[in-house]
Amino acid sequence: MNRIRKTYKDLAVFQGEPFFSEKLHVGRPNIGDESILLERLQDILQRRWLTNDGPYVREMEEEICKLTGVKHCIAVNNATLGLEIAARSLDLKGEVIVPSFTFIATAHALQWLGIKPVFCDVDPQTHNIDPAKVEALISEQTTGIVGVHLWGRPCDIQTLTEIARKHDLKLLFDAAHAFGCSFEGRMLGNFGDAEVYSFHATKFLNSFEGGAIVTNDEQVAEKARALRNFGYDCSDNIAFAGTNGKMSEISAAMGLTGLASMDDFINVNSRNYLTYVAELANVPGIHVIDYDAKERNNYQYIILEIDEQKCGLKRDDLMKILYSENVLARRYFHPGCHRAGPYASDESYSNLDLPETERLSACVLALPNGTAVSENEIKDICQIIRVCVNHAEEIRSKLNYVLA
Ligand code: T4K
C-alpha cells in the first residue's frame, strides 16, 4: 500500500503508485461458510443429482418462500432468463413500459421475446420508474409495466398497482437488487403479478449465477415452472414452448450457504454503508443515496450522486482517479437503456426526452461494498475522494487532458 493521500500531489495520477496494491471491485461476492458449501458439494456428488429440480434447488425455493412470505418460488439460472420466463408466464406482448435507468438486462429480456420496451423516465429521488409518467406511455399495444426496485429501494408499488389495475395491465417487478428488502414491512417479492430476483455473483445473495421468479399467483407459478423446464407441466405433458432455465444443484448449494449468512452480510453491508455516509458527509457535491431505515434493506449498493458544479470534478474524472488508485468504481447505469445498443440505433427511440435518466446516468457512481471490503479500506477510499474534491481546482488545471 502506498502513502496516505493528504494532498492531490499524493494521488497516483501524479506520483504513479496506486494506493491499494490489490484491486477493490464493486461486486465482490459475499460467500458465507465455505466449509458448509464444500459439504454440500460432496452431497451433490454422492447423490449424483446435479440439476433439474434437485433437492437443494427445492430447499432453496422453500427457504425463499419462508423468508419472504411469498407463496411460490421458481429458481432459475439467471434473472435475465427469469424475467423472460415471467414475461411469458404473464402473457406480455406488444409493448411493455420499463424505466430506462436500469441494467440493460431489464430491457433486453423483453426485446428478446419480441416485446417492445417503452422507456419511461425515473423519479429523481428514488431512481425508480416515475408513475406520474407511465400513463402517458400506455397505448393500444401495452400489455404490462415492469418496475425495477433499483438498489433494492422499492418502487412506488401502490401507484403502479393502481395504474395497472385501471388499464388492465400486468405488473412485473425486476427485483434483481432487492432480495431481503421490504416495502411497508412486507418483503419485496410479494407485489405485482410476479417479481424476479437475481442471484448473480455480484448480488447481495449469490448462487454463482442464478435468480428466482416469485409470485403469489398459482397459475403464473405453474406456467413459470413449466416454461423453466422446456414447457413440461407436472403431468409430463409439453404444455408450452419452454426454455431451459433450470438452476443447478451447485448453484442452489451456494445460494443456501449465502442464505444462512444473510444476517451477517446485512450487518457488514449496513456498517459499511454508514461508514461511507459518515466519511463523505461533509464532502461538497457528493451525496450517498439514502435507505429508509424503517424498511428491511440489504445495503448492497453504495451509490453516489455527484454534483460536478459543487464538487468541481466530473463523475467520469473522479472515477478515473479512483481507478488509478485501484478502486474500481462503476458507472451503474450508464448510459440509460434508450441510449444503448439496439435501442440507440432504433429511430423510434431517438426523440425520447428522459431528463432524469440522462442526469442520473451522468452523475451516479457505485463504490465497493460487501464482505470483501473492510471498514479501513472504505475510510481510505473516502479519503481519496475527499482529497480529490478539496483539490478539485488544482487537479483540473494539472490534468486538463484527463479532466476535459
Ligand atoms: N435487472 C437488473 C436491475 C440487474 O442489475 C441485473 C443484473 C439483471 C436484471 C439481470 O440479472 P442476471 O441475469 O445477471 O442474474 C453485472 C452483472 O453481470 C449483472 O448481474 C448485474 N445486474 C449488473 C448490474 O452487473 P457487469 O458487466 O458489471 O458484471 P461483471 O461480471 O463485470 O462483474 C462486475 C464486477 O464484479 C467485476 O468487475 C468484478 C466483480 N466480480 C464479478 C464476478 C462475476 C467479482 O469480484 N467476482 C465475480 O465472480 O454486469
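Enter the accessible area per residue of region 1-92 (Å², integer; probe 1.4 Å; all protein chains in place). Each step should come with its number before you reach the end.
Working: 5080 Å² over 92 residues.
On a per-residue basis, region 1-92 sits at 55 Å².
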Query raised in the report: Amide H of PHE183: which non-local residues (sequence gap of 5 or more, or other chain) have their own amide H closer than 5 Å, using H built in the peptide plane?
Result: LEU188
Query - Low-density loop positions, GluC sites (Glu not before Pro), region 10-45 - DSSP coil, at most 14 other Cβ in 10 Å - result: GLU22
Report summary line: Taking Cα atoms only, helix 375-390 is inclined relative to the longest principal axis of the chain by an angle, in degrees rounded to 10, of 50 degrees
Query - Rounded if a/c under 1.5, otherwise prolate or oblate - the chain, Cα gyration tensor axes - result: oblate
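Under the definition of Cα pairs under 8 Å and six or more residues apart, what whole-number percent is the relative contact order of the chain? Kindly include the intermediate steps, with their values, before the conclusion.
Working: 855 pairs, mean separation 89.9, N = 404.
Contact order relative to length: 22 percent.
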Query - Cβ-based charge dipole, region 34-260, positive-most Cα from TRP49, GLY114, VAL70 - result: TRP49
Requested in this report: Be a star and scan region 95-127 for residues whose amide nitrogen sits under 20 Å from the point 7 Å along the Cα-to-Cβ vector of GLU135.
Outcome: 96-99, 118-124
Requested in this report: Note the angle between two axes, namely the Cα long axis of helix 315-324 and the longest principal axis of the Cα atoms of the chain, as a number of degrees from 0 to 90, rounded to the nearest 10.
Outcome: 80 degrees
Requested in this report: Would you kindly derive the ³J(HN,Hα) couplings of region 8-18 from the backbone phi angles with the Karplus curve 6.51 cos²θ - 1.76 cosθ + 1.60 (θ = phi - 60°), listing them in order in whole Hz, with x for Gly and Pro?
Outcome: 4, 5, 7, 5, 4, 5, 9, 10, x, 8, x
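Would you calculate, for the chain, the mean residue ellipticity at 222 nm contributed by helices, counting each DSSP H stretch of 4 or more residues as -39,500 (n - 2.57) and dividing by all residues, to the nearest 500?
On the way: 15 runs with 154 residues, N = 404.
Calculated at 222 nm, the ellipticity per residue is -11500 deg cm²/dmol.
Nothing charged except the Cβ atoms of Lys and Arg (+1) and of Asp and Glu (-1): what's the magnitude of the dipole of the chain about its Cα centre? Round to the nearest 20 debye.
On the way: 41 positive and 56 negative charges, 179 e Å.
Charge dipole, the chain, about its Cα centre: 860 debye, nearest 20.
Tell me, in nm to one decimal, what length is gained between ASN237 and ASP217 on full extension, where the rule is 0.36 nm per residue of separation less the Cα-Cα distance?
On the way: separation 20, 0.36 × 20 = 7.20 nm, distance 2.13 nm.
Full-extension gain reported as 5.1 nm.
Of all beta bridges DSSP finds with both residues in the chain, what is the antiparallel percent, to the nearest 5? Each step should come with its number before you reach the end.
Values: 24 of 42 bridges.
Looking only at bridges with both residues in the chain, the antiparallel portion is about 55 percent.
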**Report entry** Global form of region 159-268, assessed from the alpha-carbon gyration tensor, a/c cut-off 1.5
**Finding:** oblate
Requested in this report: Using only protein heavy atoms and a 1.4 Å probe, report how much of SER21 is accessible, in Å² to the nearest 10.
Outcome: 90 Å²
Query raised in the report: Considering only SER324, TRP151, SER139, whose Cα is most displaced toward the positive end of the charge dipole of the chain, charges sitting on Cβ of Lys, Arg (+1) and Asp, Glu (-1)?
Result: SER324
Query raised in the report: Hey, what angle do you get for helix 262-280 against the long axis of the chain, alpha-carbon based, 0 to 90 degrees rounded to 10?
Result: 30 degrees
Query - With all protein chains modelled, accessible area of ILE266 [1.4 Å, Å²] - result: 30 Å²
Query raised in the report: Considering amide H positions built from the backbone, and no H for Pro or chain starts, which residues 5 or more places from CYS120, or on another chain, come under 5 Å of its amide H?
Result: VAL98, SER100
Report summary line: With x for Gly and Pro, the residue-by-residue ³J(HN,Hα) of region 142-157, computed from phi through the Karplus equation 6.51 cos²θ - 1.76 cosθ + 1.60 at θ = phi - 60° and given in whole Hz, is 5, 10, x, 10, 10, x, 10, 7, 5, 6, x, 8, x, 5, 6, 4
Query raised in the report: In terms of the Cα gyration tensor, with a ≥ b ≥ c the square roots of its eigenvalues, is region 92-220 rounded because a/c is under 1.5, prolate because a/b exceeds b/c, or oblate?
Result: rounded
Query raised in the report: Computed FRET efficiency, Cβ-Cβ of GLN125 and CYS65, R0 25 Å: what is it to the nearest 0.05?
Result: 0.20
Report summary line: Among CYS73, CYS234, CYS382, the residue with the largest mean-square fluctuation in a Gaussian network model of the chain built from Cα contacts under 10 Å is CYS234
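The values are calculated or read from the model by the stated rules, or taken from the named source; none is laboratory data. The structure presented is a predicted model; accordingly, all values stated were derived computationally and were not measured. Every residue, glycine as well, gets a Cβ built from its backbone with ideal geometry; the counts of neighbours run over all protein chains shown. Surface accessibility is based on the protein's heavy atoms, side chains included, excluding ligands, DNA and RNA. Shrake-Rupley method; radii C 1.70, N 1.55, O 1.52, S 1.80 Å.
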